[in-house]
Structures are given as structure tokens and as C-alpha cells.
Amino acid sequence: MSAIKKFFEKRKLNVKFKKAGEGHRLTEDSAHHTPSTSRPQTTSRTSSTPAAAQSPEAEAARKAAAQAALARVEAKQQSRTADGMVIQRARMKREMELEKKRVQEAEAKGAAARAGPVEVVQDCAPVLESVLFTCPDVGPMVLPKAEMEAAIHQFLLDNLEDEPEMTSALLIHTLNKNKEKVKVCIDTLVKYLDNIINNPTEEKFWKIRQNNKAFQERVACMEGTTEFLFAAGFSLKSLPFEDGEAMFYVFDSELAKDVERLQNMKDVLLQAEPLRPQLDRALKVFHPSQAVSKFEVPEDFYAISPQELKKEQQRKEEATEKLGMLRTKAMRERDEQRELRKYRYTLLRIRMPDGVILQGVFRAMESMSHVYAFVRENLANDWIPFTLASATGHKLEEGDCALAELSLAPAAVINFSWDPSVMKEVVAQQGQVAAKVHLKPDLMTLIQTL
């Protein structure tokens, strides 16, 4: 009910009560009470009450009527309380029944999942919903790339007030993707600082006209530069310029004397590194499975959509059939480069000697050195040499060759093996158990079915 409606309902009740008269006490004689809309006349002190009203019988009757009225009120209150308790019990019962139903449904779903055929689970590779990223400097969260970039931006803004010099420099490096423009911007800002450091008392080096063409093209167009100028000691002021006025960044004269601080700001600006999202390996460990070579990767693994990729492949096959000619070396190289650019990421599964599978996500242009490092950091004995080989038995050297160039994108299975000569010595010293231990024990606790 709206506030206006409540207000008018209350007014109606007040009118009804006023029409009903002034009321009377429960102990009064209801027989002598006559409602009247006019104020009762004042009686004289010497006027006497009828004798019947003063009799013991009348007094007893009045008390009995009062008690009966009180009993009726109490009975109504008890009835309301009882009704309220009944309603409350009914509501609680209904909620308990709904909760019981939800629990039963959840148990039924779990039982159905457990009762399902195990082969279906084993024959279906786990689907990666999307490629995820992390940034250790920001926190432990793992997010899609766009969300992680937004989290980094917010992290810098949150720290700008506490660490303006460092944070503003990071803003310039992080929020601007064009490396060449970032370099030009930083060189220009360093020149401004050098002018003040070398000439701390000359006012002409304290001012930067906001609409200056060079300033607009090199500095103002880049994100984070305004924050850096303010952190350094500049402030915006309107000053006379030519026939009118113009806005200038003006350096604080007192801060100009602190040469050491300005030198530190210059060093920070030159040495700062951008905060970038780092690809999360999405590390997983699986029991031995025949489904190891069955992959299902998300669309963002591809530089173009899978549909476009399929159409391009069809066009290439048709063109080759039509031409029916030998391709030159330049033509083959162009095709190879085009092939490499099709994939952004690759899903690798490293099969250990006992069949256990170690899975990770990599950029398609990362090298085998990154794969070796990934495997090594998850081994129980990371000091023992090992080799990785493709599913066809081709040895994959630990070098700078990109995964896409090795035909390992968008997904592939790699076989792991210990160096036989070193492992022979380890077994001789520690026994056969050493040869059977591959991945770290805490990692093996995360093993799941593929």
C-alpha cells in the first residue's frame, strides 16, 4: 500500500471515531450512556444519581459486564496469536518442504551423474571455456584477457594517490600499446625533466603550453601523461600568450629546487615496465586415458574463426587442384607464414612414462624452451635430464623454435622420457622407485579423469 493510500485510510478511521462520540469506560453503566454529538452539560454538585444505579445489584452487574468485555478482548488476542502461530508454522512447513525438494533434486542429479557410463566421461576431453590470464603484481585472480586488463587499470588507479610518481609512470607504460609512441612520449617527458634539472632557476623551462603541437602529438595523446605531469609538480594555469591567454602546465618553483627528486622521477619513468596480462597455463593432471589425443579447444585459440579457417582450407585445396603446378620456394614460405598466423594458442598434453598426462596452455609463438621449463617446474626430480618428442617420435629440442612452426598448434600430444644414462645411475643408487616418480606429489593430488 502506498504512503498516500495509507494516509487517506487513516483519515477515514479518524472520522468514524469522531462520529461515534467520546466513548466510555468498561466499568461504566452502558445502559445510562447515550452517545451525543454535542458536549454534555455540566451538572451541579448537588445533583444526585438515581438510587437504582447505586444499588449493590447494579454495581455487581457493571463489574460482571466489565469482566465479560475484558474476557472477550483477551479471547480475541489469544485467537490472533494462535492464528499467527498457525500461519507461521504453515510457512515454515512449506519452506522445509521446498528445501527438502531441492535437496532431493540435487541428490538425484548427482546419482544420475555417478550412475552414468564411465566411457562417456573418458571419451570426452574437458572443454576449455576460454583462455585465461593472470598478473602476479595485481593479485591472484585469473580472468579472461579483457577483464584482466580492466583489473590492472583499476589497480593502478587505486594506487595513484599513495604512489603518484611510480604509478603514473606505470600508467604510461601499461595503458599505451604502441611501443614506438610510448618511447617518443617518454623521451619528451625526460627532456622536460632534464631542462628543469639542469636549469632549476630559469622560469622558461617551467612552462609547457598545453596546445603546443609537439606536446599534443607526443605527450597529450598518450594515457597517463597528465597524471605523471601532476605527480612531477606541474599544475594547469591560464597565462598571457600572444594577444590573449592560453593554458600552460607550470612547474612549482619550490619543487624545481629538489633536483634529486626530479632525477628519481626520471629514472622511474625510464626503468618502469608495463603490467601485462600473463597467459595462465591452466595446468591439469589426468589419469592415463585413450582420449589423450581427442581435443576440443575454444574459438579464441584461432586468429580467425574455425568456420573461416575451414573455408580457407577448402579454397586452398581447390586452387591447388586448378593450378596443378609446382609452387616456388617463395610461395611455400608465404603459405607457411600464413599457416602460422592462424593460431594464437595451443593446448599441449605431455604424456609421462606411466601414462599420466600433464596439460598446459601456451601461445602458438612460444618456443619449446617454455614447454621444457613448464614440465621441469612440475617434476618431482627436476634435476634429472629429460627429452620431449612428438607423437610420431620426432625429438623436440629445447630451443627457440615456435610451437606453431613445429606443427604443435592448436593442440598436440608430446611424449616425455628421462635421459636413460642418468636414470640408470639414479636407479642404481635409489632403486626402481625413483624411476616411477615423475610429477610432484602435491600436483598428483589434483589428478582427474580425462
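The values are calculated or read from the model by the stated rules, or taken from the named source; none is laboratory data. These numbers were taken from a predicted model, which means no experiment stands behind them. Cβ placement follows ideal geometry from the backbone for every residue including glycine, while neighbour counts extend to all protein chains displayed. Heavy atoms of the whole protein, side chains included, go into the accessibility calculation; ligands, DNA and RNA do not. Shrake-Rupley method; radii C 1.70, N 1.55, O 1.52, S 1.80 Å.
Being open to solvent by 30 Å² or more (accessible area, probe 1.4 Å), closer than 25 Å to Glu296 by Cβ and of a type in the set (A, V, I, L, M, F, W, C), is that true of even one residue in segment 384-400?
yes
Out of the residues in segment 225-236 meeting the condition of being assigned to a helix (DSSP H, G or I) and among the aliphatic types (A, V, I, L, M), tell me which one is nearest to the chain's Cα centre (by Cα).
At the first step, the residues of segment 225-236 found to be assigned to a helix (DSSP H, G or I) are 225-232.
Next cut, among the aliphatic types (A, V, I, L, M) only: 229, 231-232.
Details: Leu229: 31, Ala231: 30, Ala232: 33 Å.
Of everything passing the filter in segment 225-236, Ala231 is nearest to the chain's Cα centre (by Cα).
For segment 359-375, which residues satisfy the criterion of being over 13 Å from Asp280 (Cα atoms) and among the hydrophobic types (A, V, I, L, M, F, W, C)?
Selection gives Ala364, Met365, Met368, Val371, Ala373, Val375.
Counting only residues that are under 28 Å from Lys436 (Cβ atoms) and free of Cβ contacts under 8 Å to residues at least 24 places away in the same chain, how many does segment 366-414 have?
Number satisfying all stated conditions: 10.
Just give me the residues in segment 420-450 being among the hydrophobic types (A, V, I, L, M, F, W, C) and not in a helix (DSSP H, G or I), in sequence order.
Narrowing segment 420-450 to residues among the hydrophobic types (A, V, I, L, M, F, W, C): 422-423, 426-428, 433-435, 437, 439, 443-444, 446-447, 450.
Result: Val437, Leu439, Leu446, Ile447, Leu450.
Regarding Gln290, is this residue exposed (fewer than 12 other Cβ atoms within 10 Å of the Cβ) and at pLDDT 65 or above? First the steps, then the outcome.
Values: exposed (fewer than 12 other Cβ atoms within 10 Å of the Cβ): yes; at pLDDT 65 or above: yes.
The answer is yes for Gln290.
Based on this model, can you work out whether Ser417 counts as without any contact (Cβ under 8 Å) to a residue 60 or more places away in the chain and either open to solvent by 80 Å² or more (accessible area, probe 1.4 Å) or not in a loop (DSSP other than H, G, I, E, B) (or both)? It would help to see each step written out before you state the result.
Numbers: without any contact (Cβ under 8 Å) to a residue 60 or more places away in the chain: no; either open to solvent by 80 Å² or more (accessible area, probe 1.4 Å) or not in a loop (DSSP other than H, G, I, E, B) (or both): yes.
Judged against the criteria, Ser417 is not a match.
All but one of (1) of a type outside the set (S, T, N, Q); (2) under 28 Å from the mean Cα position of the chain (by Cα); (3) open to solvent by less than 10 Å² (accessible area, probe 1.4 Å) hold for Glu377; state the number of the condition that does not hold.
So Glu377 meets the others, but not (3).
Give me the residue from segment 226-284 that is of a type in the set (Lys, Arg) and within 15 Å of Ile196 (Cα to Cα) and, out of that set, surrounded by the fewest Cβ atoms within 10 Å (Cβ to Cβ).
Residues of segment 226-284 that are of a type in the set (Lys, Arg), as a first pass: 237, 257, 261, 266, 276, 281, 284.
Next, only the ones that are within 15 Å of Ile196 (Cα to Cα) stay: 257, 261, 266.
Working: Lys257: 12, Arg261: 15, Lys266: 20.
Across segment 226-284, the extreme among qualifying residues is Lys257.
Report, by residue number, each residue of segment 420-448 that is over 33 Å from the mean Cα position of the chain (by Cα), open to solvent by less than 30 Å² (accessible area, probe 1.4 Å) and at pLDDT 90 or above.
Start the filter on segment 420-448 by keeping residues that are over 33 Å from the mean Cα position of the chain (by Cα), which leaves 420-438.
Keeping just the survivors that are open to solvent by less than 30 Å² (accessible area, probe 1.4 Å) gives 423, 426, 431, 434-435, 438.
Scanning segment 420-448 gives a single hit, His438.
Taking Phe416 as the residue in question, decide whether it is under 20 Å from Phe295 (Cα atoms) and over 34 Å from the mean Cα position of the chain (by Cα). Steps first, please.
Working: under 20 Å from Phe295 (Cα atoms): yes; over 34 Å from the mean Cα position of the chain (by Cα): yes.
Taking the combined requirement at face value, the residue satisfies it.
Find the residue count for segment 343-365, including only residues that are closer than 19 Å to Glu299 by Cα and open to solvent by 10 Å² or more (accessible area, probe 1.4 Å).
Residues of segment 343-365 closer than 19 Å to Glu299 by Cα: 343-349, 359-365.
Still in the list and also open to solvent by 10 Å² or more (accessible area, probe 1.4 Å): 343-345, 363, 365.
Number satisfying all stated conditions: 5.
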